[in-house]
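Structure first, then comments.
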Amino acid sequence: MAVLVTGGAGYIGSHTVAELLAKGEEVVIVDNLQQGHREAVLGGKLYVGDIRDDAFMDTVFQENEIDAVIHFAANSLVGESMTNPGKYYDNNVYGTLRLLETMNRHGVKRIVFSSTAATYGEPESIPIVETDRTLPTNAYGETKLAMESMMKWFDRAYGMKYVSLRYFNAAGAHASGQIGEDHDPETHLIPIILQVALGKRPHISVFGDDYSTPDGTCIRDYIHVSDLADAHILAVEKLRSGSESGIYNLGNGQGFSVKEVIELARQVTGHSIPAVMEARRAGDPAILVASSERTKAELGWQPQRNSLKSIIASAWSWHQSRPNGYDE
Ligand code: UFG
């Protein structure tokens, strides 16, 4: 039996493929390589194509004995989703609709879904639990919530079971040094800070230091990408054991401010990393920290790499060895 990973050439997808291979799973990858990198796929069988292409996807399901899908293929830039929401509804919502219909045609009833803390919007209380209100403040989060709802109704109608994993801030790189984070454009805090350390940018812009947090900058919960990957494998195992559908947060439960992240990166890299205070970025909640208690209790998940300093150190090794990412 094979696991199909859509978006398996992307950042979190490629780390999940690596963990699946390490577990001895047969892995099939579908990626249109619009954001993914062929080189990030360390093994398995890669099909280059789009989840919205039914004929292409029928071939993938016909040629392989797929019993579970892990679905990453999506656009995920909050800012872009505000200026081009149609792109997000097309690739994320319509893409997921096509995928679920294809799975249903082929009798595949298990899906693990890449969701996000952005489904919650501005939190009512910290830490965030899965039963909290979901009121996204951006189109990206809204599309991910719509995808979750779609899976709920496919479960009701066809018994298609899903595990939706709501990630907080993914960071870090694989211990092998072979794969890591490489987005174009890069918008995430830790890779941008490390690009400053590499001398590729003059400074890090801090988006707002007037939030109601102890040092005025936003607080986030950073989680190692390989810990995220592990949770997907536990979720597949849970679905294979006949479990019901569920929604789970993935975070370390500890918040770090933007200033604290910069300071830790200075310690890790030994570079001064100049920081310039700038205006707030639209749509940024002040504090996002997860409670992952349900995930630990029900999936048996335990993050293994939860010191932020070591998460930054793993990202730093990757960025030092591949300063231009995969395109070197
Ligand atoms: N930040 C800066 N300067 C930068 C980049 C980011 O100050 O150059 C700040 C942001 O304002 C934010 C924090 O650093 O306060 C983290 O920003 P990221 O862009 O790294 O991550 P986000 O928290 O915005 O986004 C993450 C995921 C999204 C997801 C979101 C949920 O990457 O996919 O969490 O809110 F939608």
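The values are calculated or read from the model by the stated rules, or taken from the named source; none is laboratory data. Bear in mind the structure is a predicted one, so any value in this text is a computation, not a measurement. Cβ placement follows ideal geometry from the backbone for every residue including glycine, while neighbour counts extend to all protein chains displayed. Side chains included, ligands, DNA and RNA excluded: accessible areas come from the protein's heavy atoms. Shrake-Rupley method; radii C 1.70, N 1.55, O 1.52, S 1.80 Å.
Data overview
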{"quantity": "Residue tally, condition of a type in the set (Phe, Trp, Tyr) and more than 15 Å from the ligand (Cβ to nearest atom), over region 211-258", "calculated": "1"}
{"quantity": "Selected residue (criterion: nearest to residue 99 (Cα to Cα)) from residues of region 26-52 that are assigned to a loop (DSSP other than H, G, I, E, B) and free of Cβ contacts under 8 Å to residues at least 40 places away in the same chain", "calculated": "49"}
{"quantity": "Residue 150, sole failed condition from (1) assigned to a helix (DSSP H, G or I); (2) in contact with a Phe, Trp or Tyr (Cβ under 7 Å, 6 or more places away or on another chain); (3) open to solvent by 20 Å² or more (accessible area, probe 1.4 Å); (4) more than 10 Å from the ligand (Cβ to nearest atom)", "calculated": "(2)"}
{"quantity": "Count of residues meeting criterion [buried (at least 17 other Cβ atoms within 10 Å of the Cβ) and small (Gly, Ala, Ser)] in region 1-58", "calculated": "11"}
{"quantity": "Residue ID - surrounded by the fewest Cβ atoms within 10 Å (Cβ to Cβ), chosen from residues in region 123-146 that are in contact with a strand residue (DSSP E or B) (Cβ under 7 Å, 6 or more places away or on another chain) and of a type outside the set (Val, Ile, Thr)", "calculated": "135"}
{"quantity": "Pair list, Cβ < 9 Å and 6+ apart or interchain, from region 169-183 residues that are more than 11 Å from residue 227 (Cα to Cα) to residues that are among the small types (Gly, Ala, Ser) and assigned to a strand (DSSP E or B)", "calculated": "181/170; 181/171"}
{"quantity": "Subset of region 178-195 [away from the ligand (no atom under 14 Å from the Cβ) and either in a helix (DSSP H, G or I) or in contact with a helix residue (DSSP H, G or I) (Cβ under 6 Å, 6 or more places away or on another chain) (or both)]", "calculated": "179, 180, 182"}
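Yes/no matrix, rows are residues, columns are (1) β-branched (Val, Ile, Thr); (2) assigned to a strand (DSSP E or B); (3) under 19 Å from residue 219 (Cα atoms):
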| residue | (1), (2), (3) |
| --- | --- |
| 261 | yes, no, yes |
| 268 | yes, no, no |
| 272 | no, no, no |
| 281 | no, no, yes |
| 294 | no, no, no |
| 297 | no, no, no |
